[in-house]
Amino acid sequence: MNQRAQNRTLRTTVGRVFQTYGLALMIAIMVVVFAALNENFLTLSNFQNILEQNAALMIVAVGVTFAIISTAIDLSPGSVIALVGVIIALVHRDTESIALALVSGMAVALLIGAFNGVLISSVGINPVIVTLAAFIWARGLALALTEKDSIVIQSGFIGFMNERFLELISPPMVLIVLAYLFGFFMLNKTRLGRYTYALGGDEAAAKQAGVPTELYKIGLFLFSGIMVGLGAIITVSRMGAAQPNAVFGLELDAIAAVIIGGNRLSGGEGGLRQTIFGVIFLAILNNGLSTLGLRDASFYFYKGLVILFALFFEVTSRRMLREARTSSTLAQPAAD
Amino acid sequence: MAVTQETQVLRARPTEQVADWFNRFGTVLVMVLFVIVFGLTTEYFLTVQNFQNILRQVSITSVLAIGMTMVILIGGIDLSVGSVVLFSAAAMNGLIFNEVLPTGLAIAAGVGAAVLIGLVNGVLIEQVKISPVIVTLGTMVAVRGLGQMILWINNSWLWVTEPIFNYIKTKSWLFVPVPAVIMFFLYVIAAIVMKQSMLGRHIYAIGGNERAAKLCGIPVIRTKILVYMISGLCAGIAGILMSARLSAISPGVGQGLEFEAITAVILGGTSLSGGVGRVEKTILGAIIVGLVLNYMTIKGISAHYQRAVTGFIILAAAFLDHLSRRNAT
């Protein structure tokens, strides 16, 4: 075997090993490090905490996965969650009805999803701009409607959401599972899912094949809106109040989780299986760092560093694999 | 017959003419319109002092928007600049406050650190090939943490003590506040660079068609990394202006500036898909945002509603840009 071929097989093997086990390895290392630094890390109640603390992130990541597969990027979820939380609190304060409050919150989440979707797909404005604008205006509205105060919600529903049934399961955990099951179903079994891949693969071709791409793009953002609405309900009930400054940067965590999990930002492939691992990675990172009692500044610094490292790892190993693959297909005719 | 047909082809349709005209002068038109309307509906708006205020307010965003225009022209985006402003301001004031370096060197070090972050962004984006949105989101978080660490070492706040910052803050040259003088000066340089230099031509070539640019022998990767470094440089200079505006550097400094800069660039008519746009029009975009925010402040509208309105201004700008571009082609 000559040097180049040897080099190629090496790169393929390394790339494949990293691609398959890299993330699992990083998660394992993180668990070991955090367990060594904090004796309470490896306990059942901490794992319940991890799920509950990151429930909103995990659920929003389902919608973000859809968006990224279709090559759109959604920067709005964090701000929209804050705004929807504020709406829920305000409606509850004025009507005393938690059901009405939740329904109107959900309706606003869907409405914003539809608004963004129409601007992106029917009007044709760049998704980064549309969702960036929503990132700003939704947060601004949330702050303006509350005058920057948080609004307490007193309702039996809040107690219900924070209860652990059988000392084990709380409603946010159930919602996570339901969101992923629903996401799996939508992505793999319905037209919306199939066309999401088509949009990411080659939108023009999909359009020529007769797919009503505009409609499905809006559908995509509506789906994302459902997830954002759920995320807002969980966020509000965990804090027992609507805070206009809540979940700042959630969208970045969600995007990072989706990419670290192994979905390509250029779309067309990937799925929720990858997202689950990415989300677990980020959830453990969030929890581990916050239980270390770091100050805000070092928390963000370490978090940013670990995320960048994980992204670097993911992207390079994927490229190693792809390069090796393309060069071997190119080399084959010559070998014959 | 043939001749008339030809002239008809040559003469653009009226809607195209309007669109073309709007493309060229729309930004100026909107600005003049705002000044007239705002001037008629408030008393305080049309005063020299208020215009000085507006210029002071927009100077930081406008300087950031120079780098942002170039980054967007090559088809990228830089979301880290707001954090870099905090970082460079914290670095230079930390060095001055603790008397590590003399003032001039400390400021140079702060700006240099900002350029270095631009280099890191550029290398990660162009050489490691991670998408610019992801990379600069990552550095946005990490660099803010880094800046806050500097503040934390100095007990969470850094007082701005240096007299040169006070000079920039208070003095005006011929009615123009010093930050605005710096801003105009940088825009003149940027406009000359974009029009006359090799770098400017390369930037437009890469934004227009990267593959073609590469095949023509343009050093694509090197140019793009350089552009991210220029964006860092602008953020570093904005850090100087920020130090001159505030009496103390606090952890939240610079938050959201990146979005204001992007708004200015889009309002200035630069296409987000790259290759089309002018740096000198970006300043008009920044001033338009400044006019609107200033007007709302005079009218007593709360800062939070102002923020919401900023979001909708971006949408309106993108929408108008989209319309004029669609009609023009």
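The values are calculated or read from the model by the stated rules, or taken from the named source; none is laboratory data. These numbers were taken from a predicted model, which means no experiment stands behind them. Here the Cβ positions follow ideal geometry from the backbone for every residue, glycine too, while neighbour counts run over all protein chains shown.
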Criterion first (modelled with pLDDT of 90 or more and assigned to a helix (DSSP H, G or I)) does A:Leu119 satisfy it? yes
Per-region count, the stretch B:51-76, residues in contact with a Leu (Cβ under 8 Å, 6 or more places away or on another chain) and within 19 Å of B:Ile125 (Cα to Cα): 2
When the residues of the stretch A:259-289 are narrowed to those that are within 15 Å of A:Val306 (Cα to Cα) and within 14 Å of chain B (Cβ to nearest Cβ), which ends up farthest from the chain's Cα centre (by Cα)? A:Leu289
Tell me, which residue of the stretch B:89-114 that is among the aliphatic types (A, V, I, L, M) and in contact with a strand residue (DSSP E or B) (Cβ under 8 Å, 6 or more places away or on another chain) is farthest from the other protein chains (Cβ to nearest Cβ)? B:Ala89
Tell me, which helices (runs of 4 or more DSSP H) lie completely within the stretch A:204-308 with 2 or more residues that are at pLDDT 90 or above and in contact with a strand residue (DSSP E or B) (Cβ under 9 Å, 6 or more places away or on another chain)? A:213-239
Being crowded, with 20+ Cβ neighbours inside 10 Å, over 24 Å from B:Ile230 (Cα atoms) and at the interface with another protein chain (Cβ under 8 Å from one of its Cβ atoms) is the filter here; which residues of the stretch B:115-174 pass it? B:Leu151
Return the residue satisfying two criteria in turn: it lies in the stretch A:290-307 and is among the β-branched types (Val, Ile, Thr) and surrounded by fewer than 21 Cβ atoms within 10 Å (Cβ to Cβ), and of such residues it is farthest from the other protein chains (Cβ to nearest Cβ). A:Thr291
Exclusive hit being within 25 Å of A:Gly262 (Cα to Cα) and not in a helix (DSSP H, G or I), set A:Thr65, A:Thr13, A:Thr71: A:Thr71
Taking the criterion of being within 7 Å of chain B (Cβ to nearest Cβ), of a type in the set (S, T, N, Q) and over 18 Å from B:Arg307 (Cα atoms), would at least one residue in the stretch A:114-121 satisfy it? no
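Yes/no per residue for (1) buried (at least 21 other Cβ atoms within 10 Å of the Cβ); (2) in a loop (DSSP other than H, G, I, E, B); (3) without any contact (Cβ under 8 Å) to a residue 60 or more places away in the chain; (4) within 13 Å of chain A (Cβ to nearest Cβ):
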| site | (1), (2), (3), (4) |
| --- | --- |
| B:Ala238 | yes, no, no, no |
| B:Ala244 | yes, no, no, no |
| B:Gly254 | yes, yes, no, no |
| B:Ala261 | yes, no, no, yes |
| B:Thr270 | yes, yes, no, yes |
| B:Gly285 | yes, no, no, no |
| B:Leu320 | no, no, no, yes |
Would you tally the residues in the stretch A:74-95 being farther than 16 Å from A:Val236 by Cα and either small (Gly, Ala, Ser) or surrounded by fewer than 24 Cβ atoms within 10 Å (Cβ to Cβ) (or both)? 3
Please enumerate the residues belonging to the stretch B:287-306 that are within 11 Å of chain A (Cβ to nearest Cβ) and polar (S, T, N, Q). B:Ser302, B:Gln306
Look at the stretch A:149-159 and say how many of its residues are in contact (Cβ under 8 Å) with a residue 40 or more places away in the chain and either facing another protein chain (nearest Cβ under 7 Å) or part of a helix (DSSP H, G or I) (or both). 3
Filter the stretch A:122-145 for residues that are more than 7 Å from chain B (Cβ to nearest Cβ) and over 21 Å from the mean Cα position of the chain (by Cα); the one that is surrounded by the fewest Cβ atoms within 10 Å (Cβ to Cβ) is A:Ser122
What is the one condition in (1) of a type outside the set (Ser, Thr, Tyr); (2) farther than 17 Å from A:Thr235 by Cα; (3) part of a helix (DSSP H, G or I) that A:Pro172 does not satisfy? (2)
Does B:Thr42 count as away from chain A (no Cβ under 14 Å) and in contact with a Ser or Thr (Cβ under 7 Å, 6 or more places away or on another chain)? no
